[in-house]
Amino acid sequence: MSTLYERLGGAPAVDAAVDIFYRRVLADGRIARFFDTVDMERQAAKQKAFLTMVFGGPNSYTGKDMREGHKHLVARGLNDSHVDAVLENLSTTLRQLGVDEKDVQEVAALANSARDDVLNR
Amino acid sequence: MTILTLGEAPIEIAEGQTVLAALLAAGVDAPYSCQAGVCQTCLHQAIEGAVPETAQIGLSDAQKAQGYFMACVCVPKEPLKIIRAGDLHDRIDVCVAAIDRISHNVIRLRLEPDQRFAYRPGQFLALTAPGGVTRNYSIASHPDVDAFIELHVRVIPGGQMSGLIAEKLARGDRLQVSNPTGMCFYEGADPERPIVLAGAGTGLAPLWGIVRDALQQQHRGPIRLYHGARERTGLYLVEELQALADRHESFSYRPCVLNDSESGANDLATAVVAAETDPTNTDFFLCGGADLIGRLKRDLYLKGAKLQRLRTDIFLPAA
């Protein structure tokens, strides 16, 4: 049986998803302020690592990375509502790419598992 | 036979040996880590001679164009002269060939280097005045066209460097420049697609070099240059740009003046985003202050521009 990552299309699918997802979050008034617009290349690379992880692909992302990477944002008011907004954008991105609803739910669950690390709880 | 030179120092290298191994054997304190051509810690730049393609896998087009390579996987096939990547501590002596005020607050400085100075139009360098004051300036000249290095210096009230240049510097005076750096240049742009250049104030300097480079390299797509200024008096090189537009049908010059009594307010970022309705396949070159360029880059990206086609050169104030 194929893995989630394989079903979604592997690395090229991640690239396609980053392209849509990053544009969506930057344009989302609820969360745009948490995204740096100066070093967008670095930010896109982080998005790629994150999406590879939630697609169940090969990744070296750890809970500690997620904590360290978002600490300064938690200090600036990052909370559950913002994580909800990110997850909503992620699901919309996948639906836009024609991903099966069952797989959308599986990705959302994987992404949601990072919530406590992201919010440093 | 030595075929490897680091700066001016000959380095012995054996047949089949990598550049990194040769440097280390010669006692050079070269940085390295993975030794597998991945981490880029050992990045060097070939300033004479070509490196094998396999030593450049994973580097950006702009880096490749500048001869960057990974020393740990580079077995040279021909004589190479290299420097450590980003080694900006080396200084080259230059002489002031011309100094002219080309608008109320911009001085055009033309410098003649004592030795060969290789660069791509659009890169920048650090200029050091006698006494040690150092500031970064973009290069406006073209290495194949101009015998001098041209910089556009904005005169800032109370500015240490620009004050010195405006009041004390004269033809024949000597200064120093660093090696050129920066990735905002023409190489890698698609010659068939549009290129759009937008700069505010002396952000025009690198763009003036890039536009002429694109034309020189027979760019076939349209080229649109937007120059933003607070007041009409802030526009400069107007006649030169207009003449270029008259000579080349593919090139258009679009000045944007923020406080203009004649045509009304025309903000650079707003004008570019409004006019560039289909930015998906356009190569952008954006130069100016961090706020303006950050906003422009974000808005163009949201409109569909590709991140790797958005080249920027952000002017940071002296700390």
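Observations, loosely collected:
- When each of B:49, B:58, B:27 is tested for being open to solvent by 60 Å² or more (accessible area, probe 1.4 Å), outside the structural domain of residue B:141 (by TED's automatic domain parsing) and within 24 Å of the chain's Cα centre (by Cα), the lone residue that passes is B:58.
- Boolean, residue B:296 is farther than 21 Å from residue A:21 by Cα, within 12 Å of chain A (Cβ to nearest Cβ) and part of a helix (DSSP H, G or I): no
- For residue A:18, the test of being among the hydrophobic types (A, V, I, L, M, F, W, C), within 14 Å of chain B (Cβ to nearest Cβ) and either in contact (Cβ under 8 Å) with a residue 60 or more places away in the chain or open to solvent by 60 Å² or more (accessible area, probe 1.4 Å) (or both) is failed.
- Considering the conditions (1) within 10 Å of chain A (Cβ to nearest Cβ); (2) under 21 Å from the mean Cα position of the chain (by Cα), residue B:288 is excluded by exactly one of them, (1).
- The set of residues in the stretch B:263-308 being of a type in the set (D, E, K, R), more than 16 Å from residue B:203 (Cβ to Cβ) and in contact with a helix residue (DSSP H, G or I) (Cβ under 8 Å, 6 or more places away or on another chain) consists of B:276, B:283, B:298, B:299, B:303, B:306.
- If you filter the stretch B:30-44 down to residues that are surrounded by fewer than 20 Cβ atoms within 10 Å (Cβ to Cβ) and modelled with pLDDT of 80 or more, you find that the one that is nearest to residue B:123 (Cα to Cα) is B:43.
- Only strands (runs of 3 or more DSSP E) whose full extent lies in the stretch B:185-266 are considered here, and the ones with at least 3 residues that are closer than 14 Å to residue B:288 by Cβ are B:195-200, B:223-229.
- Filtering the stretch A:59-80 to residues that are under 15 Å from the mean Cα position of the chain (by Cα) and either open to solvent by 30 Å² or more (accessible area, probe 1.4 Å) or farther than 16 Å from residue A:34 by Cα (or both) leaves A:59, A:60, A:61, A:62, A:63, A:65, A:67, A:69, A:70, A:80.
- Test: residue in the stretch A:69-92 that is within 14 Å of chain B (Cβ to nearest Cβ), closer than 24 Å to residue B:290 by Cα and out of contact with any Gly (no Cβ under 7 Å at 6 or more places or on another chain): no
- Count of the stretch B:159-184 residues which are modelled with pLDDT under 90 and outside any strand (DSSP E or B): 5
Okay, residues lined up against (1) buried (at least 22 other Cβ atoms within 10 Å of the Cβ); (2) among the polar types (S, T, N, Q):
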{"residue": "B:209", "(1), (2)": "yes, no"}
{"residue": "B:220", "(1), (2)": "no, no"}
{"residue": "B:228", "(1), (2)": "yes, no"}
{"residue": "B:231", "(1), (2)": "no, no"}
{"residue": "B:243", "(1), (2)": "no, no"}
{"residue": "B:252", "(1), (2)": "no, yes"}
{"residue": "B:258", "(1), (2)": "no, no"}
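- Single match in B:64, B:77 (criterion: more than 24 Å from residue B:183 (Cβ to Cβ) and open to solvent by 30 Å² or more (accessible area, probe 1.4 Å)): B:77
- Residue that is closer than 20 Å to residue B:311 by Cβ and surrounded by fewer than 16 Cβ atoms within 10 Å (Cβ to Cβ), where the choices are A:6, A:41: A:41
- A single member of A:29, A:57 is closer than 18 Å to residue B:294 by Cα, away from chain B (no Cβ under 11 Å) and in a loop (DSSP other than H, G, I, E, B), and it is A:29.
- If the condition is being within 8 Å of chain A (Cβ to nearest Cβ) and buried (at least 21 other Cβ atoms within 10 Å of the Cβ), then the stretch B:299-312 contributes B:301, B:310.
- For residue A:22, the conditions (1) assigned to a helix (DSSP H, G or I); (2) modelled with pLDDT under 95; (3) more than 30 Å from residue B:314 (Cα to Cα) all hold with the exception of (3).
- Within the stretch B:88-131, the set of residues being touching a strand residue (DSSP E or B) at 6+ places or on another chain (Cβ under 8 Å), closer than 20 Å to residue B:164 by Cβ and assigned to a loop (DSSP other than H, G, I, E, B) comprises B:105, B:129, B:130.
- Meets criteria (at pLDDT 95 or above and more than 17 Å from the chain's Cα centre (by Cα)) for residue B:93: no
- If only residues of the stretch B:270-285 that are of a type in the set (A, V, I, L, M) and open to solvent by 10 Å² or more (accessible area, probe 1.4 Å) are counted, the one that is nearest to the other protein chains (Cβ to nearest Cβ) is B:273.
- Hey, residue B:267 open to solvent by less than 30 Å² (accessible area, probe 1.4 Å) and either under 27 Å from residue B:135 (Cα atoms) or not hydrophobic (A, V, I, L, M, F, W, C) (or both) or not: no
The values are calculated or read from the model by the stated rules, or taken from the named source; none is laboratory data. Just so it is clear, the structure is predicted and the values come from calculations on it, not from any experiment. Methodologically, a virtual Cβ is constructed for each residue, glycine included, from the backbone with ideal geometry; neighbour enumeration extends over all protein chains shown. All accessible areas refer to the heavy atoms of the entire protein, side chains included, with ligands and DNA or RNA removed. Shrake-Rupley method; radii C 1.70, N 1.55, O 1.52, S 1.80 Å.
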